[in-house]
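Note sheet for the following structure.
The values are calculated or read from the model by the stated rules, or taken from the named source; none is laboratory data. Note that the structure is predicted; figures quoted are calculated from it, not measured. As a convention, Cβ positions derive from the backbone with ideal geometry for all residues, glycine included, and neighbour counts pool all protein chains shown.
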Amino acid sequence: MTEKQRECILEIQELIMAINQVAEDHGLKNEFLSCIAIGFVDLQSQYTDEDGDERANMNLLSSFSIADEDELDDLLSYCVEAYRIEEEDKNPDTSNIDYWINLSNRDGSIN
């Protein structure tokens, strides 16, 4: 980890603690859910594995504010679904008829 990355991670760590404190200050600690993972890819460690996939080490920091593993599973499932929706919105499948149906229903400008 470079010195610049280390300084950045420490600053982000302080922000994560501040986020958790906001929930506590509002008396919402028991209702608050969070899962934060941030990090940097170590470009010096890049290599291609036996399957031809590019790999590299990462320097990561994570924080969890959850009651149990079931809550973690629910939160991670939400994150995966939200990511997929964002990616689909960036690169819509125009070959799918649902794309065109949804497009025509958004603002009425088509059809």
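Before we move on, is residue 27 at pLDDT 95 or above and exposed (fewer than 10 other Cβ atoms within 10 Å of the Cβ)? It would help to see each step written out before you state the result.
Numbers: at pLDDT 95 or above: yes; exposed (fewer than 10 other Cβ atoms within 10 Å of the Cβ): yes.
So residue 27 fits the description; yes.
Being at pLDDT below 80 and in a loop (DSSP other than H, G, I, E, B) is the filter; apply it to the range 82-107 and report the residue that is nearest to residue 35 (Cα to Cα).
For the range 82-107, the residue satisfying everything is 91.
Is it fair to say residue 32 is touching a residue at least 24 places away in the same chain (Cβ under 8 Å), assigned to a strand (DSSP E or B) and surrounded by 12 or more Cβ atoms within 10 Å (Cβ to Cβ)?
On the way: touching a residue at least 24 places away in the same chain (Cβ under 8 Å): yes; assigned to a strand (DSSP E or B): no; surrounded by 12 or more Cβ atoms within 10 Å (Cβ to Cβ): yes.
Judged against the criteria, residue 32 is not a match.
Just give me the residues in the range 65-81 being exposed (fewer than 11 other Cβ atoms within 10 Å of the Cβ) and assigned to a helix (DSSP H, G or I), in sequence order.
69, 70, 77, 80, 81
Which one is farthest from residue 3 (Cα to Cα) among residues in the range 44-64 that are touching a strand residue (DSSP E or B) at 6+ places or on another chain (Cβ under 6 Å) and either surrounded by fewer than 10 Cβ atoms within 10 Å (Cβ to Cβ) or in contact (Cβ under 8 Å) with a residue 60 or more places away in the chain (or both)?
49
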